[in-house]
Structures are given as structure tokens and as C-alpha cells.
Amino acid sequence: MLIFLALCVCAAVCVEGVRRLGQPTGLSRDLLWAWWFPVVVLLPPMYALLIPLPIYLLLQYRVRRALLHRRLFNATSVALSGFSASMVWHSVLGGGVLVGIGGAPEAAESLTTGTGVLLAALCFTGFTVLNTFLVALAAQLSNGTNNARSSTWDREAFMVDAVELCVGLTVAILAHLSLFLLIIA
């Protein structure tokens, strides 16, 4: 629970930074996934379902109010993508999945091995691809055009996603080593 709360606080600080900088309308790249990725590998899958709730509420009320159904869809997409990635992570490295409060500590320990880092990167990539696909599909269905797909799969989006993946992996390793290292992150 302490790890979950610490990552929520870090994400809230990120949201406040976005608020001060401003957020353009349309698709946004805010690096929040860097705080959600550690939840995927350090905590049981249930937490991946929960972390979008406080963060998207904060985004809605502190940054920019969006249409409620869009914000809800985005939160659900992130939750399902994170849950799926967490299920894969814990199934492969934890020897099973405990969706409740408990978890497999050996899965988090694996994060400090080469194989664990590679699997984490693959899980984070799956998270990103699934979430981006769901959002692009919803945007295309609501707009009836292919414009949303081109902006979610362009080179800039790919670069930001790669940065989020690297930062998220680094934050996960730091949080695993010591929560005090999150201050640096």
C-alpha cells in the first residue's frame, strides 16, 4: 500500500506540473505512465486497475475538464492495459497471479535481473500498444476518420512512448530498491 500511495503522490506532482505548463486539447503526452508502469511490476494486478482513478480525477479537476465519457474511457483503457501487463508479469515471474492484496515478492525481485528488465520492458510495451490501440480505435469510431490513428502512431508519439517506457522502468527499479529514491525520480 505504501508503494501505491508513493507512486500516486509522484503522479499527482506530475499532474500539477502539467497544470502549470498547460495541456493542449486533443491527444496529450504527459509522462504519467512513468508512474503507472512501476505499479504493473511491483504490486499485484488489482493496483493497476486502481491507479488511474485518483490520477484521472485529479486531471479532470486540476488540469483541464474533459468530456466525462472520454476521461472515463481513457481511465478504463489505462486500467485494463495495466492490468493485462501486470497479469503477464506476475504469471511469468511470480509463478501465479494473486489479484488481491497479497502478491508474489519474487516477481518484484526479478526486476533487478537482466531477464526481469527485458520482461518488464516487453510488458510496458504491451501496455502502451494496447492502450494506444484502444484510444485510437475509440477516436476513429467517434470521429469517423483516420486522423486520430495518424497522431497516435506518429514518430513523436513513438518517441514519447519510448521515453515513458525507459523512465517507467527506471522508476520501477528505484522504487523497488527504496521508496526514498522516488524523490530523485
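The values are calculated or read from the model by the stated rules, or taken from the named source; none is laboratory data. From a predicted model like this one, the values you see are computed outputs, not experimental measurements. We place every Cβ from the backbone using ideal geometry, glycine too, and count neighbours over all the protein chains shown. These accessible areas exclude ligands, DNA and RNA; they are computed on the full protein's heavy atoms, side chains included. Shrake-Rupley method; radii C 1.70, N 1.55, O 1.52, S 1.80 Å.
If T145 satisfies every condition in (1) modelled with pLDDT of 85 or more; (2) open to solvent by less than 70 Å² (accessible area, probe 1.4 Å); (3) not charged (D, E, K, R) but one, which is the exception?
Only one criterion in (1) modelled with pLDDT of 85 or more; (2) open to solvent by less than 70 Å² (accessible area, probe 1.4 Å); (3) not charged (D, E, K, R) is unmet by T145, namely (1).
Here's the yes/no breakdown for (1) modelled with pLDDT of 75 or more; (2) open to solvent by 30 Å² or more (accessible area, probe 1.4 Å); (3) not hydrophobic (A, V, I, L, M, F, W, C):
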position: M1; (1), (2), (3): yes, yes, no
position: A34; (1), (2), (3): yes, no, no
position: Y47; (1), (2), (3): yes, no, yes
position: P54; (1), (2), (3): yes, yes, yes
position: Y61; (1), (2), (3): yes, yes, yes
position: R70; (1), (2), (3): yes, yes, yes
position: N74; (1), (2), (3): yes, yes, yes
position: V78; (1), (2), (3): yes, no, no
position: T113; (1), (2), (3): yes, yes, yes
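Taking segment 153-185 as the region of interest, how many residues are assigned to a helix (DSSP H, G or I) and either open to solvent by 60 Å² or more (accessible area, probe 1.4 Å) or free of Cβ contacts under 8 Å to residues at least 12 places away in the same chain (or both)?
Total satisfying the criteria: 13.
Would you be able to tell me the number of residues in segment 41-82 that are within 11 Å of the chain's Cα centre (by Cα) and closer than 22 Å to A139 by Cβ?
Counting residues in segment 41-82 that are within 11 Å of the chain's Cα centre (by Cα) and closer than 22 Å to A139 by Cβ gives 9.
Determine the pairs where a residue that is closer than 20 Å to D154 by Cα, located within segment 117-141, has a partner that is surrounded by fewer than 19 Cβ atoms within 10 Å (Cβ to Cβ) and of a type in the set (V, I, T) with Cβ atoms under 7 Å apart, the partner being 6 or more residues away or on another chain.
Filtered contacts from segment 117-141: G126/V88.
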